[in-house]
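Rule-based calculations on the coordinates, nothing more; no lab input. Quantities reported herein were computed from a predicted structural model and do not represent experimental measurements. All Cβ positions, even for glycine, are placed from backbone atoms using ideal geometry, and neighbour counts span all protein chains on display.
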Amino acid sequence: MANIASRRPLAVSAVTHLILGIFVLLALFPFFYMVSLSLQSDADLFSGVPVIIPSEFQFSNYVTIWEKAPFARFILNSFIIAGGITALHLLFDPLVGYVFAKLEFPGRRVMFAALLSTLMLPFFIRMIPLYILTAKLGWLNTYQGLIMPFAMSAYGIFMMRQFIRPIPADLLDAARLDGASEWRVYRSVVLPQLGPPMATLGLLTFVFQFNEFLWPLVVVSSVEMRPITTGLTLFNSEFFTQWNLTATGGVILFVPSLLLFVFMQRYFVQSVMMSGMK
């Protein structure tokens, strides 16, 4: 009986790991299939049946994609757009979060509630007035039209506010008594304590904007200004879609986000730990 009782937890653990492994495989299968599709030849692609393992690995697809489209320009545009928006978020979101977290002024709670309420508005509702404003400013088909509408985010401001609130008020008052201005208090006292949260905000913002599709599709009209996400549509036509080249571009699109997460993982974990200790 003792042996049966001791084996029961092992059996439960084995079944649990088996079920989790199946779900992991199901979650990763679309990515594996995208990689497989990027290595398929036209013969495999149009064989009439889905091909999981290519009959011949077509690594030349990763060269062809650079020849059939200005892919280097697409990548440059994606980095400029995502990098510019990320830089603006890291500049403004902590600053506005500090204002809402530590400064007292009339209407602060109402303004913060109104800010959070924008999180419930789908982007489709804001897209048309945002497009009209961008057009009136003459920013269509420009970098500023792709970057400036997303210079701040309500989520980033809320996130920074939550990390700034636990900073002791006595620490800030001591800096003010020493003659520090409000800007100096923010820059010298608050910002040094926001390393991991800001790294997390930068990571999430960059990955999201690097994969953004809808707004560039609406604002950009020339091929030269397209990021990767909309640049891949060049491989689609009315009667024919080069799915292997499209998947190749998808794999290339995934690599910068993966590398960024690998290098920033330590700060991401620290940020999660900081939020759990509050």
*asked:* I'd like to know how the chain sits against the 2.2 N^0.38 Å rule of thumb: what's its Cα Rg over that expected value?
replied: 1.31
*Per residue, what volume in Å³ does the convex hull of the Cα atoms of the stretch 112-180 enclose?*
140 Å³
_Counting pairwise Cα distances across the stretch 57-215, what percent come out greater than 24 angstrom?_
49 percent
*Among Thr142, Thr248, Thr86, which comes first, then next, by fewest other beta-carbon atoms within 10 Å?*
Thr142, Thr86, Thr248
*asked:* Under 10 Å, Cα contacts only: if you run a Gaussian network model on the chain, which one of Ile252, Ile128, Ile80 comes out with the highest mean-square fluctuation?
replied: Ile128
*Averaging sequence separations of C-alpha pairs under 8 Å and six or more residues apart, then dividing by the length of the stretch 1-67, give the relative contact order as a whole percent.*
23 percent
*Over every pair of different alpha-carbon atoms in the stretch 1-148, take the mean of 1/r and invert it; report that Kirkwood radius in Å.*
22.1 Å
_Kirkwood hydrodynamic radius, computed over distinct alpha-carbon pairs, for the stretch 1-67: how many Å, to one decimal?_
15.2 Å
*Lys, Arg +1 and Asp, Glu -1 on Cβ, resulting dipole of the chain about Cα centre, debye, nearest 20*: 900 debye
